[in-house]
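In what follows, a structure is listed as structure tokens, so that the remarks can point back to it.
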Amino acid sequence: MSGPGARRLRKSALCWLALSPLLVLCLFPYAVMFITAIKPASEVLRPTWWPSEPAWHNIVDMWNATGFGVALFNSVKVAVLSTAVALAVSVPFAYALDRFRFTGEGAVRQFLLVTQMLSPIVLVIGLFRLIVWLGLVDTTWSLVAIYGAFNIAFTVWMLQSYFATIPRELEEAAWIEGASRARAVAQVFLPLALPAMTVTAIFGFINAWNEFVIALTILRSDSSHTLPIRIFSLVAGRYTVEWHHVMSAALVATVPVAIVFSWLQRYLVRGMSVGAVK
């Protein structure tokens, strides 16, 4: 076999060979998690790679025994709403920061940059006192507000950098055709900005989905726990740890993130061509 097809095949094989160590390194923890999740309880601590008989019912047992469905709903609610709040505030904020000039613009940019250096752990005591004063302790709405606020600075910084690459002439052409600024933004600017909005939405969702410290500080009852807290409760303070349940919970917790990423990745590619100029 020779020709361009053979060269492409050899090139692909070399690329996969070079990437195989990284691929194994990334997938190995998930393989261990999956195999432990389907092991019978008596074989969890045995040094065997594959169980003698896969116990697929471990996931159902874990779901019923731990109240996993409530925690899953809370995590989806917090991650989706906090991401929506961050985008709703950040898109007009980033657009104004890029398209308009005003007094104190440099200070605003510096403030956004400095806030990225602050860890939420540093502010957790102050946040807890604020939440107590507002009467929102042990509610997921407090997490929606906090995660959304923390994601705004990062989202504005990313969006503003991308918005600067969109030519102003596209909006000016729409104005010449009689469109208002709002219509030009909605029909010309935002379709071109869809890839950046998708990327920031993915980061915001993942940050809210994985956050642990603030949720552990604010949430109290089982009915308000998010997934990181619920999985943590399967390990902390127990004389015996049912690792097959822990791994089953961790495995199920990764599924929504994978679904969201796969779904938004499709819109990411689509957004690169929507609104393009011929």
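We did not get these values from a lab; they are worked out from the coordinates using the rules stated. As the structure is a computational prediction, the values presented were derived from the model and not from experiment. In this analysis, Cβ positions are derived from the backbone assuming ideal geometry, glycine residues included, and neighbour counts consider all displayed protein chains.
Some values worked out for this structure:
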read-out: Per-peptide average of other Cβ atoms within 10 Å, ordering 50-58, 186-194, 21-29 highest first; value: 186-194, 50-58, 21-29
read-out: Sorted by Cβ neighbour density within 10 Å, fewest at the top, the residues L113, L170; value: L113, L170
read-out: Value of relative contact order over region 57-271, rounded to a whole percent, pairs C-alpha under 8 Å and six or more apart; value: 36 percent
read-out: More than 19 angstrom apart: percent of Cα pairs within region 1-140; value: 78 percent
read-out: Read-out volume of the Cα convex hull per residue in Å³, derived from the coordinates shown; its label in [x] 115; [y] 183; [z] 208; value: [z]
read-out: Exposure proxy order (Cβ contacts within 10 Å, fewest to most) of K11, K39; value: K11, K39
read-out: Inter-part distance where region 1-70 and region 141-216 are each reduced to a Cα centre, Å; value: 35 Å
read-out: L134/R109 FRET efficiency (R0 25 Å; Cβ-Cβ; nearest 0.05); value: 0.25
read-out: Gaussian network model of the chain, springs between alpha carbon atoms under 10 Å - residue of A18, A145, A253 with greatest fluctuation; value: A18
read-out: Per-residue Cβ neighbour rank within 10 angstrom, fewest leading, I176, I214, I206; value: I176, I206, I214
read-out: Listed residues V91, W175, I121: farthest to the positive end of the dipole of the chain (Cβ charges); value: W175
read-out: Check: the chain dipole with +1 on Lys, Arg Cβ and -1 on Asp, Glu Cβ, in debye; value: 700 debye
read-out: Net charge, W50 excluded, C-beta distance under 13 Å - Lys, Arg +1, Asp, Glu -1; value: 0
read-out: Sparse-neighbour loop sites [trypsin sites (Lys or Arg not before Pro); region 120-221; at most 15 other C-beta within 10 Å; DSSP]; value: R220
